[in-house]
Amino acid sequence: MEKAQHFLTHPISLSLYSSLQDTGIGCRGIIQIFRSLKINLGLRKINLSHNNIDDRGVKVFAAVLETNRTIEQIDLQDNKIGNDGAVAMFKALTPTKKGYQRTVNRGKERRCGVSTLDLKLNFIGERGGQALGQALRSNRTLMEIDLDRNRIGDQGAFAIGSALQINRTIKRVNLNDNHIGDQGAFALTVIARCHRKI
């Protein structure tokens with residue numbers, strides 16, 4: 001809790017990595033932290049696992065991701081993120097305009113954006129899985145995603161599997177224990193043929 005309070009009062013003081021895991025800061029505090037990320041341009045990695053973050057909180061975070069290009073690794077495992085929050089998050093990771101995933105650094109273009117996303121132990125469901133599939137069709141920064149125990153079901157797995165036939169950036173996807181039946185399993189075998197780590 002003390003670390004979270006420090007971040008709230010000194011939002012620019014964290015430069016490369018911040019672990020706010022299990023701080024008990026609550027939804028209002030989390031939303032305030034997310035808003036402060038709009039001006040924190042040095043943060044590369046953030047751990048917000050075990051904080052009871054719900055759809056309302058993650059929607060604020062999604063809005064931040066549309067403007068913050070420096071965060072590369074996000075840990076949101078074991079929260080309360082459902083369908084609506086997942087859809088907002090994955091929409092924020094979907095390029096919608098030219099230059100979305102590039103920024104200028106000393107006259108040179110460099111890739112930026114989220115490369116690692118940990119969402120295990122949430123409730124994103126089939127609709128969240130479908131939204132991720134849509135995002136993966138055009139996202140070129142995400143390399144690893146953990147969706148262990150998210151109830152994405154067959155439709156979510158099928159959407160992700162279809163997208164990974166197009167996306168060559170993703171290196172590892174964890175879809176363990178997601179209520180996936182025959183249809184979803186077939187989609188995952190297609191991914192395996194592409195030599196992905198599933």
Within region 131-159, tally of residues that are over 14 Å from the mean Cα position of the chain (by Cα) and part of a helix (DSSP H, G or I): 7
Pair list, Cβ < 7 Å and 6+ apart or interchain, from region 171-197 residues that are over 17 Å from ASP146 (Cα atoms) to residues that are open to solvent by less than 60 Å² (accessible area, probe 1.4 Å) and at pLDDT below 90: ALA187/GLY161; ALA187/SER162; VAL190/GLY161; CYS194/LEU164
Checking ARG149 against (1) over 15 Å from MET89 (Cβ atoms); (2) at pLDDT below 95, the condition it does not meet: (2)
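For region 84-91, indicate whether the set of residues that are at pLDDT 90 or above and part of a loop (DSSP other than H, G, I, E, B) is non-empty. I'd like the intermediate steps shown before the answer.
Within region 84-91, the subset at pLDDT 90 or above is 84-91.
Next, only the ones that are part of a loop (DSSP other than H, G, I, E, B) stay: none.
Checking region 84-91: not a single residue is at pLDDT 90 or above and part of a loop (DSSP other than H, G, I, E, B).
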Count - residues of region 33-67 that are polar (S, T, N, Q), surrounded by 17 or more Cβ atoms within 10 Å (Cβ to Cβ) and modelled with pLDDT of 80 or more: 3
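Condition test on ILE74, is it open to solvent by less than 40 Å² (accessible area, probe 1.4 Å), touching a Leu at 6+ places or on another chain (Cβ under 7 Å) and at pLDDT 90 or above?
yes
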Residue in region 9-32 that is within 22 Å of ARG172 (Cβ to Cβ), open to solvent by 50 Å² or more (accessible area, probe 1.4 Å) and modelled with pLDDT of 90 or more present: no
Pairs with Cβ under 7 Å, 6+ apart, first in region 17-33 and at positive phi and of a type in the set (D, E, K, R), second modelled with pLDDT of 80 or more and open to solvent by 10 Å² or more (accessible area, probe 1.4 Å): ASP22/HIS50
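The values are calculated or read from the model by the stated rules, or taken from the named source; none is laboratory data. Just so it is clear, the structure is predicted and the values come from calculations on it, not from any experiment. Because the Cβ atoms are built from the backbone with ideal geometry, glycine has one as well, and the counts that use them run over all protein chains shown. Heavy atoms of the whole protein, side chains included, go into the accessibility calculation; ligands, DNA and RNA do not. Shrake-Rupley method; radii C 1.70, N 1.55, O 1.52, S 1.80 Å.
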